[in-house]
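> Mind looking over this structure? Questions follow.
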Amino acid sequence: MNTFNMNLRIIVFIIFAVGSLSAQRGFDASAIFGMTASQLGGDSISGYKKLGLAAGLKLSYPIAEKFDLSMDLLYAQRGSRSSLGFSNNSNDATTLHYLELPVYLGINDWYIENKDYHRVGAFVGLTYGYLISVTTSNNILRGQEADFKKNDISGRMGIYYSFAKSLTFRIYYTDSFVNVLESNTLFRTNALDSFNWTFRLEYNL
């Protein structure tokens, strides 16, 4: 199965799995589609040049007047690249395919009373990530794909702006608390860590 078909099946699975929860009373459900810009610390490549896909669904539940608790189910790509782009066609590129389950607390402001939604807000939380697969053309990492850790715990914080009740733009930073790879071949260190920015649109279902 090629990478495109694998990605498509994962996204379809996420949509059906989380979409079935949206019928639960009191929850708001949103479809998510966006882009990651990431890098890996320790692979000799710097800069957020690896672009990837971030897609899935979000459930949100209000817990107070200005606070809500949210959970995502996402397919997300992380990694690194020597030049700006999506593919692994560069001489030095790595793509990590993750299934992510973030849980985060949001604080909301600028309430639009006649439309019943908040215009802006900030959020912070934790993300569990399960590594589905690794592809790399980086000579430092090639041959070590099976040694990448399957489980990841990351911190997340960001802000959002809602154009309307049904459409929100969200930007956030994610940084792994654990190393994604332990190896004595890495650049200046024996531990590879992962961090990325995500830019996404949410459509309220």
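> Leaving ligands, DNA and RNA out of it, rank H97, H118 by accessible area with a 1.4 Å probe, largest first. Before the final figure, lay out each step's value.
Numbers: H97 5, H118 40 Å².
Descending order: H118, H97.
> What shape does the range 51-128 have by the C-alpha gyration tensor, where a ≥ b ≥ c are the square roots of the eigenvalues, rounded means a/c under 1.5, and otherwise prolate means a/b greater than b/c and oblate the rest? Mind showing how you got there, number by number?
On the way: a/c = 3.43, a/b = 2.41, b/c = 1.42.
Judged from the Cα gyration tensor, the range 51-128 comes out prolate (a/c at least 1.5, a/b above b/c).
> Sticking with this one: Test of the criteria: in the range 38-123, which trypsin sites (Lys or Arg not before Pro) are in a DSSP loop and have at most 14 other Cβ atoms within 10 angstrom of their Cβ?
The qualifying sites are K66, K115.
> On to the next question. Roughly how many percent of the accessible protein surface of the chain is carbon and sulfur, given a 1.4 Å probe and a whole-percent answer?
61
> Turning to a different aspect of this structure: Using a cut-off of 11 Å between beta-carbons, work out the net charge of the residues near S60 (Lys and Arg +1, Asp and Glu -1, S60 not included).
Counting the neighbours of S60, the net charge comes to -3.
> Let me ask you something else. Quick one: Karplus J couplings for the range 62-74, per residue in order, coefficients 6.51, -1.76, 1.60, θ = phi - 60°, nearest Hz, x for Gly and Pro?
Each residue of the range 62-74 in turn: x, 10, 6, 4, 10, 10, 9, 10, 10, 9, 10, 10, 10 Hz.
> Tell me whether the range 86-155 comes out rounded, prolate or oblate; compute the Cα gyration tensor, take square roots of the eigenvalues as a ≥ b ≥ c, and use a/c under 1.5 as the rounded threshold. It would help to have the intermediate numbers written out before the result.
On the way: a/c = 4.39, a/b = 2.52, b/c = 1.74.
Prolate.
> If the only charges are +1 at each Lys and Arg Cβ and -1 at each Asp and Glu Cβ, what is the size of the charge dipole of the chain around the Cα centre, to the nearest 20 debye? Provide the component values of the computation, followed by the final result.
Values: 18 positive and 17 negative charges, 68 e Å.
That gives the chain a dipole magnitude of about 320 debye.
> When ligands, DNA and RNA are left out and all protein chains stay put, how many square angstrom of accessible area per residue does the chain have with a 1.4 Å probe?
51
> If I fit a long axis through the Cα atoms of helix 3-19 and take the longest principal axis of the Cα atoms of the chain, what angle between them do I get, 0 to 90°, rounded to 10?
Once rounded, one gets 30 degrees.
> Under 20 Å from a label point 7 Å along Cα→Cβ of V178: give me every residue in the range 123-147 with its amide N that close.
Once the point is set 7 Å along Cα→Cβ of V178, 125-135, 144-147 turn out to lie under 20 Å by backbone N, inside the range 123-147.
> If R0 is 30 Å, what FRET efficiency do you get for F27 and Y48 from their C-beta distance, rounded to 0.05?
It comes to 0.35.
> Here's something else I'd like to know. For a quick check of your reading of the filter: which chymotrypsin sites (Phe, Trp or Tyr not before Pro) in the range 77-184 sit in a DSSP loop and have no more than 11 other Cβ atoms within 10 Å?
Counting only loop positions with at most 11 other Cβ atoms within 10 Å, the chymotrypsin sites (Phe, Trp or Tyr not before Pro) in the range 77-184 are F177.
> Does the chain classify as rounded, prolate or oblate by the C-alpha gyration tensor (a ≥ b ≥ c root eigenvalues; a/c under 1.5 gives rounded; else a/b over b/c gives prolate, otherwise oblate)?
prolate
> Can you tell me the length gained on complete extension of the stretch L126 to N190, counting 0.36 nm per residue apart and subtracting the Cα distance?
That pair, L126 and N190, stretches by 20.5 nm at full extension.
> Tell me which of Q77, F67, N179 sits at the most positive position along the dipole axis of the range 58-205, charges placed on C-beta atoms (Lys, Arg +1; Asp, Glu -1).
It is Q77.
> Given Cα pairs under 8 Å that are at least 6 residues apart, what percent is the relative contact order of the chain?
20
> Same structure again: Work out, step by step, the length gained on full extension between I171 and N89: first 0.36 nm times the residue separation, then minus their alpha carbon distance; give nm to one decimal.
So the chain would gain 26.8 nm between I171 and N89.
The values are calculated or read from the model by the stated rules, or taken from the named source; none is laboratory data. What you see is a predicted model; the values in this text were computed from it and never measured. For neighbour counting, all protein chains shown are included, and Cβ atoms are generated from backbone atoms with ideal geometry for every residue, glycine included. To get the accessible areas, we keep the full protein, side chains included, count just its heavy atoms, and leave off ligands, DNA and RNA. Shrake-Rupley method; radii C 1.70, N 1.55, O 1.52, S 1.80 Å.
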